[in-house]
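The values are calculated or read from the model by the stated rules, or taken from the named source; none is laboratory data. All values reported here derive from a predicted model rather than from experimental measurement. Cβ placement follows ideal geometry from the backbone for every residue including glycine, while neighbour counts extend to all protein chains displayed.
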Amino acid sequence: MTTLKVLGSAAGGGFPQWNCNCRNCDGVRQGTLRATPRTQSSIALGDAHQNWIVVNASPDILAQLRATPALQPARAPRDTGIAAVLLMDAQIDHVTGLLMLREHRQPLPVYASAAVLSDLSTAFPLTRMLSHYCGLDTRALALDGTAFSIPPLQDVALTAIPLESKAPPYSPSRNARRLGDNIGLRIVDRKSGRRAFYAPGLARIEPHVFDEMGAADVVLVDGTCWHDDEMKDLGFSAKTAADMGHLAQSGPGGMIETLDQLPATRKVLIHINNTNPILDEDSPQRRELDAHGIEVAYDGMEIAL
Ligand code: MLT
Ligand code: MN
Ligand code: ZN
């Protein structure tokens, strides 16, 4: 059995975000809103033998590891359950945690697309910086639909699915998209045959992405914004969710409409921005999700595959 564990369910900034006083951030800080704080975007895949793949290395990874003893099995004076890190993109909320893992005892295996590895060796030179600490053992992911395994987790078959979202603002490919800037992940447990699809950044439901979602038992997809103009309306940004590479949930062509068409047994929104009204458990938007059978990921959520 493969265990999928949500380490961090918020988008960049987390919830509450340090400098934000929006209704959600202020409300959760003051305790006047029924909502749960969330750390920044990461999941982990574990086998029955204390081995884990961390998918996205969040800036909050140390707090996430403290909250998740299973990832620290303590079999030796210095130990970790983390066998490798796998990256969906080179966004700050998905890669900065690599710096926090610098005490690793050997080069840390990192699986990412060539485009992401290129950003991490140039614009955000984590590979060079970390070569002075544990070092990163980088592996470029195939983007042609070939399944792969990450040792020693032999029972989980992974496939990188290139998709449309956005490279980070610091990347030279922010406005000149390269294949592999963003991927989704097909996760199949070889024993049970159960399948999940994870895509925390998803700008558009391309036909091959719709097929992936349709074939999965569990989908965990982009839950960043409820409304495309959410950040603009609050005066926080000139950008729409789409400008940032995220498909909003509401309205025609929104994520809810797509999720409604899927046979998946679990439909879960993840990578939730702190401005999103679905974080307020008493909001009409949250009730609307309930009515559609759509769940909102939270830190510590566990799904068995
Ligand atoms: C995004 O996906 O757009 C990010 O959460 C941005 C960030 O890391 O600040
Ligand atoms: Mn993000
Ligand atoms: Zn906020």
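Okay, here's what the table says:
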{"read-out": "Set ASP93, ASP119: member being at pLDDT 95 or above, within 16 Å of ligand 3 (Cβ to nearest atom), touching a Ser or Thr at 6+ places or on another chain (Cβ under 6 Å) and under 17 Å from PRO59 (Cβ atoms)", "value": "ASP93"}
{"read-out": "Flag if VAL28 is part of a helix (DSSP H, G or I), modelled with pLDDT of 95 or more, away from ligand 1 (no atom under 16 Å from the Cβ) and at negative phi", "value": "yes"}
{"read-out": "Residue pairs meeting the criteria (Cβ under 9 Å; at least 6 apart or on separate chains; first in contact (Cβ under 8 Å) with a residue 60 or more places away in the chain, in the stretch 92-110; second of a type in the set (Asp, Glu) and within 16 Å of ligand 1 (Cβ to nearest atom))", "value": "ASP93/ASP60"}
{"read-out": "Candidate set: the stretch 263-288, residues that are in contact (Cβ under 8 Å) with a residue 60 or more places away in the chain and polar (S, T, N, Q); chosen: the one nearest to ligand 2 (Cβ to nearest atom)", "value": "ASN273"}
{"read-out": "Residue list for the stretch 198-219, filter: under 21 Å from ALA167 (Cβ atoms) and either out of contact with any Pro (no Cβ under 9 Å at 6 or more places or on another chain) or buried (at least 24 other Cβ atoms within 10 Å of the Cβ) (or both)", "value": "TYR198, ALA199, PRO200, GLY201, LEU202, ALA203, ARG204, ILE205, GLU206, VAL209, GLU212"}
{"read-out": "Answer residue from the stretch 79-94, given it is more than 10 Å from ligand 2 (Cβ to nearest atom) and β-branched (Val, Ile, Thr) and is nearest to TYR198 (Cα to Cα) among those", "value": "VAL85"}
{"read-out": "Matching entry among ALA304, ALA248, ALA241, ALA291 (being under 18 Å from GLY8 (Cα atoms) and among the small types (Gly, Ala, Ser))", "value": "ALA304"}
{"read-out": "Residues of the stretch 14-25 satisfying the condition of being under 21 Å from the mean Cα position of the chain (by Cα), in a loop (DSSP other than H, G, I, E, B) and closer than 21 Å to ARG286 by Cα", "value": "GLY14, PRO16, GLN17"}
